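First up is the structure itself, then whatever we jot down about it.
The values are calculated or read from the model by the stated rules, or taken from the named source; none is laboratory data. What you see is a predicted model; the values in this text were computed from it and never measured. Note that each Cβ is placed from the backbone with ideal geometry, even for glycine, and that neighbours are counted across all protein chains shown.
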Amino acid sequence: MGRETKTFLSDVKFHAPETLAEALRLLKDLEGARVMAGGTDLLVDLKQGLIELQNIVSLQKLEELEKIELEENRIRIGALVTPKLIMTHPLINQHLPALAEAAGSLAAHQVRTMATIGGNIASAVPSADLPPSLIAAEASVELRGLDSTREESLTEFFTGPRETCCVEGEILTFITIPVPPPNTGISYKKFTLREANALAVASVAARLTLKGSIIQKAVVVLGAVAPTPFLASKASQSLVGNKPSEELFHQAASIAQKESRPISDIRGSIWFREALIDTLTQRALEEAWDRARGPSQEEG
């Protein structure tokens, strides 16, 4: 048998460009180059021998990617924004509390301080915490190349486990989210095997927009139960045009359970994950309903 080759960090050249244009040029010119944001995924993968590379292009000096701003009724989040900033930022807590909660549930304090929203998305791990609530909020990502810029819906961004539509030479630079309309509520629920540092065994993000007492728009997104986080379209459609109720949410949860495509692994069996989706979907829909009605409305 031949010996396995493994890349050691000491063999990798580190580059720290000060502008996005310089980062894109390095990514094009350097052989075996990978972009690094916070490094919480990339360095672990490198240490475990899951990837091979010769050059790291760090984005850590690009201050333009560290901001959260409101632009023309859209929230624009730089790819280097940390979960710690997301969970505490007033703009996120006002308009997207589910995203703040998802960021707060991500790993431990040290990781939330170092990790980035761009890295959490671009790593394309099926159990990642931020994508489900972002998909529910109709987020899109900006992908910048040396001579191009394009925007891609997050529902189309993931193509498989650790695979995305991002092509060679592109960098994920911004995440853009429309400000949710009035009477909209979004919720994120997940189950882990322990309190901290645990990946989701299953997760659900739910969004409801009400018109009067009727659901005008509904989105149910499932995480960790398929090769990618995805929109449960049948469950979502089953809610539209109906009055919210426990029975309606139970029916939608049952449909979402059937749409899930979990695997069995060390963290949970197929049966266990399917049962979790049923429960988590009901809980997420109930909380989304509460948020859509607002704090001043009584239960009908």
Is there any pair linking a residue in segment 268-286 that is farther than 10 Å from residue 189 by Cα and among the acidic types (Asp, Glu) to one that is part of a helix (DSSP H, G or I) and modelled with pLDDT of 95 or more, with Cβ under 6 Å and at least six apart or on different chains, and which? 274/257; 278/253; 278/257
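Of all the residues that make up segment 253-286, how many are small (Gly, Ala, Ser) and surrounded by 19 or more Cβ atoms within 10 Å (Cβ to Cβ)? Talk me through it step by step, then tell me what you get.
Here is the first cut: in segment 253-286, the ones small (Gly, Ala, Ser) are 253-254, 256, 260, 264, 268-269, 275, 284.
Still in the running and surrounded by 19 or more Cβ atoms within 10 Å (Cβ to Cβ): 253, 256, 260, 268, 284.
Of the residues in segment 253-286, 5 are small (Gly, Ala, Ser) and surrounded by 19 or more Cβ atoms within 10 Å (Cβ to Cβ).
Results for (1) charged (D, E, K, R); (2) surrounded by 21 or more Cβ atoms within 10 Å (Cβ to Cβ); (3) touching a Leu at 6+ places or on another chain (Cβ under 8 Å); (4) under 19 Å from residue 58 (Cβ atoms), shown as yes or no for each residue.
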{"site": "127", "(1), (2), (3), (4)": "no, no, yes, no"}
{"site": "131", "(1), (2), (3), (4)": "no, yes, yes, no"}
{"site": "141", "(1), (2), (3), (4)": "no, yes, yes, no"}
{"site": "152", "(1), (2), (3), (4)": "yes, no, yes, no"}
Residues to consider are 164, 176; find the one that is at pLDDT 95 or above, of a type in the set (S, T, N, Q) and under 30 Å from residue 271 (Cα atoms). 164
Of the conditions (1) modelled with pLDDT of 95 or more; (2) more than 22 Å from the chain's Cα centre (by Cα), residue 291 clears all except one; give me its number. (2)
Please find, within segment 84-106, the residue that is surrounded by the most Cβ atoms within 10 Å (Cβ to Cβ) out of those that are free of Cβ contacts under 8 Å to residues at least 24 places away in the same chain and not polar (S, T, N, Q). 100
So which pairs qualify, if the first residue must be in segment 117-133 and more than 19 Å from residue 85 (Cα to Cα), the second must be charged (D, E, K, R) and in a loop (DSSP other than H, G, I, E, B), the Cβ gap must be under 9 Å, and the two must be at least 6 apart or on different chains? 123/41; 123/162; 124/162; 125/41; 125/162; 126/162; 127/267
Out of segment 44-77, which residues are touching a residue at least 12 places away in the same chain (Cβ under 8 Å) and under 21 Å from residue 163 (Cα atoms)? 46, 47, 49, 51, 52, 53, 54, 55, 56, 57, 58, 59
Which of the residues belonging to segment 226-267 are within 19 Å of the chain's Cα centre (by Cα) and in contact (Cβ under 8 Å) with a residue 60 or more places away in the chain? 226, 227, 228, 229, 230, 231, 262
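Restricting to segment 128-149, name every residue that is more than 9 Å from the chain's Cα centre (by Cα) and in a loop (DSSP other than H, G, I, E, B).
Step one: of segment 128-149, the residues more than 9 Å from the chain's Cα centre (by Cα) are 136-149.
Those that are more than 9 Å from the chain's Cα centre (by Cα) and in a loop (DSSP other than H, G, I, E, B): 137, 138, 139, 145, 146, 147, 148.
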